Amino acid sequence: MKRMMILGLALILCLLIPLADMVSANTANAPVLLQINQYYVTYTAPQSPYLDQNNRLMVPLRSLSDLLAAEVAYDAVNKSAVISRKNLLHEQGKSYSLKLTVRLKDIELNGVASQMDTIPVLIKGSVYIPLSVVAKAFHLDTKWDSSRKITHLYEDPGYLPSGVVSDEEHVLGQHSDLSVRPVQSVIQTIDQKDGGSLIQMRLTSQNTGESTLGDNHYLRFYVQDSNFSHFDIYNQAQIKPSAAFTIETTNTILAKSLRYILVDACVD
């Protein structure tokens, strides 16, 4: 009998090992540190925004250029970049530019030499730059919300990605719920047996308001991968004041082409 049990266990393991080879998972955990208008930036590829050793919020150049409708010219040999942004709302308006080099404090803001108090870095082939310098170059308003522990960047909706702007339900009657604060995102990259990879997000949020959240509250996810899409996940339980809750997306987000995930907390 004992021998049969051992043989049975061995058979189960033999069946499981090929399955494990088919699907592997890599997980990244990061706090949510940036909000653009009402949209929380819950992920940017290849790594979420983070605070560096100088306490500066670092953001990936590629994702940020998408979100700000800016253009980037990158010199891979010299590891330098030029970020330029036209005034989309006024055709004759002034264009802005920022020139920088990885691991150097020297920059050029709209043609004027200057220095940063931190340095751009290269992470997994992507340049990360301090948000404060970009905001200064492009004359964007930013604010540190100490009570909510988040940096807020104010952007004219005309510059936002077309998928967000064309979301008529939210443009015509936006009902963002400011009492919901996404605080932590966990990204899991799942490698599939066909060679592709998918992203699954587990997002933890907190009810910072004074009222209980009901099933008319939901999170709207905006995803920029090879396509732009959005989907809603509604509350499945009553969320009391100060309580935290966690939701998970399904494996529908393409990892290879993913640039960013935005989340808007909403109420019907």
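The values are calculated or read from the model by the stated rules, or taken from the named source; none is laboratory data. On a predicted model such as this, the values are computed, not experimentally measured, just so you know. Cβ sites come from the backbone with ideal geometry, for glycine too, and all protein chains shown count toward neighbours. Heads up: the accessible areas ignore ligands, DNA and RNA and are worked out on the full protein's heavy atoms, side chains in. Shrake-Rupley method; radii C 1.70, N 1.55, O 1.52, S 1.80 Å.
Couple of notes before you dig in:
- Fraction of C-alpha pairs exceeding 24 angstrom in the chain: 55 percent, rounded to a whole number.
- Taking every protein chain into account, the accessible area of the range 176-268 amounts to 47 square angstrom per residue (probe 1.4 Å).
- Between the listed residues Val82, Thr42, Thr101, the Cα displaced farthest toward the positive end of the dipole of the range 42-195, a dipole computed from Cβ unit charges relative to the Cα centre, is found at Thr101.
- Rolling a 1.4 Å probe across all protein chains gives Tyr234 an accessible area of roughly 80 Å².
- In degrees, nearest ten, helix 2-22 long axis to first principal axis of the chain (Cα): 20 degrees
- Per-residue extension of 0.36 nm, minus the Cα-Cα distance of Val267 and Asp106, leaves a gain of 53.4 nm for this segment.
- FRET efficiency, 1/(1 + (r/R0)^6) with R0 45 Å, evaluated for Asp191 and Val121 via beta carbons: 0.95
- Mean residue ellipticity (222 nm) of the chain, computed from DSSP H runs ≥ 4 via -39,500 (n - 2.57), nearest 500: -4500 deg cm²/dmol
- When His175, His152 are compared by accessible area at a 1.4 angstrom probe, the order from most to least is His175, His152.
- Simple Cβ-charge dipole of the range 181-248, Lys/Arg +1 and Asp/Glu -1, about Cα centre, in debye nearest 20: 180 debye
- Across the range 203-219, computed HN-Hα scalar couplings (Karplus, 6.51 cos²θ - 1.76 cosθ + 1.60, θ = phi - 60°) run 10, 9, 10, 10, 7, 8, x, 9, 10, 6, 8, x, 7, 8, 9, 7, 10 Hz from first to last residue, x flagging Gly and Pro.
- Residues of the range 55-117: accessible area per residue with a 1.4 Å probe, Å²: 59 Å²
- Each of Arg148, Arg85, Arg62, Arg103 has its accessible area taken with a 1.4 Å probe; listed largest first, they run Arg103, Arg62, Arg148, Arg85.
- Distances between placed amide hydrogens fall under 5 Å for Ile36 paired with Val41, Leu153, all partners being 5 or more residues away or on another chain.
- The range 141-210 - charge dipole about Cα centre, Lys and Arg +1 at Cβ, Asp and Glu -1, debye rounded to 20: 440 debye
- Cross-link table Lys79/Lys105; Lys105/Lys143; Lys86/Lys136; Lys136/Lys256, entries beyond 20 Å C-alpha to C-alpha: Lys105/Lys143; Lys136/Lys256
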